[in-house]
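The structure appears below as structure tokens.
Any read-out appearing in this document is the output of simple, stated calculations on the displayed coordinates, not a laboratory observation. These numbers come from a predicted model, not from an experiment. Positions of Cβ are generated from backbone atoms using ideal geometry, with glycine treated the same way; all protein chains shown enter the neighbour counts.
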Amino acid sequence: MKRLVLVRHGKADQSGLVDNDFERTLIKKGQKDARFIAGVLKDQGLKPDLLITSDAFRAFETAKIFADILGYNPDKILKEHFLYDGYTTGQLIDFIAQQAGTSETIFVFGHNPFISQSGIRLSKNFHQSFPTSGCLGLKFDHENWNVDPGTGEIDFFEFPKKYM
């Protein structure tokens, strides 16, 4: 059984004070929401084998928060630029299959619309857009990471407003 957790970065600065979108940081609410959702996953007993993130600052910052709460070494977070620029679902799965090794549970941190589209395309019946700090857990009944689109079973869909 393989488990993929797709995570949209936390709420980021939109003040216009940062000239470069790539360098936008999480606001306090984004940090708080990411910590909260990571705590929900920790309470569910989730333990990542591999964390992969967009190299944009807000996504990496979100991944570091999750790593801290889930007990994953932040120095081992894999940063990938293609998760910022955009990708197809096939490219994402191919990349995961190349990096996964013996990993059973992999987290991918990214941006909308691509992170939501990946969830929609990989699952059997997920049809929503991710809010910030939202995460979708998918299970695949496979022994390796060569999974097909439309085969992921929804394990959970967590996001901050669900708890308000």
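Normalising the average separation of contacting C-alpha pairs (under 8 angstrom, six or more residues apart) by the number of residues puts the relative contact order of the chain at 32 percent. Of Gly110, Gly90, Gly45, which has the largest mean-square fluctuation in a 10 Å C-alpha GNM of the chain? Residue with maximal mean-square fluctuation among Gly110, Gly90, Gly45: Gly45. Taking other C-beta atoms within 10 angstrom as a stand-in for reagent exposure, Thr89, Thr102, Thr132 fall in the order Thr102, Thr89, Thr132, fewest first. Mean-square fluctuations from a GNM of the chain, with a 10 angstrom spring cutoff on Cα atoms, peak among Gln44, Gln128, Gln117 at Gln44.
Here the residues Val7, Val147, Val108, ranked from fewest to most Cβ neighbours within 10 Å of their Cβ, fall in the order Val147, Val108, Val7. Tell me the angle of helix 28-43 to the major Cα principal axis of the chain, expressed in degrees between 0 and 90 and rounded to the nearest ten. Roughly 30 degrees between the two axes. The convex hull defined by the C-alpha atoms of the stretch 2-163 has an orientation-averaged projected area of 8.6 nm². Checking every one of the GluC sites (Glu not before Pro) in the stretch 111-164 against DSSP loop status and a limit of 12 other Cβ atoms within 10 Å picks out Glu143.
Once you've got the Cα coordinates, tell me which of Lys47/Lys162; Lys29/Lys139; Lys2/Lys47 are over 24 Å apart. Exceeds cut-off: Lys29/Lys139. Do any trypsin sites (Lys or Arg not before Pro) in the stretch 28-123 lie in a loop, going by DSSP, with at most 11 other beta-carbon atoms within 10 Å of their beta carbon, and if so which? Loop-located and lightly packed - none at all.
If the chain linking Met1 and His127 were pulled fully straight, counting 0.36 nm for each residue of separation and taking away their Cα-Cα distance, it would gain 43.1 nm. The separation of the stretch 1-75 from the stretch 89-107, counted between C-alpha centres, amounts to 18 Å. Taking 13 Å as the straight-line reach from the Cα of Lys42, the aspartates and glutamates in range (excluding those fewer than 8 positions away in the same chain) are Asp68, Glu158.
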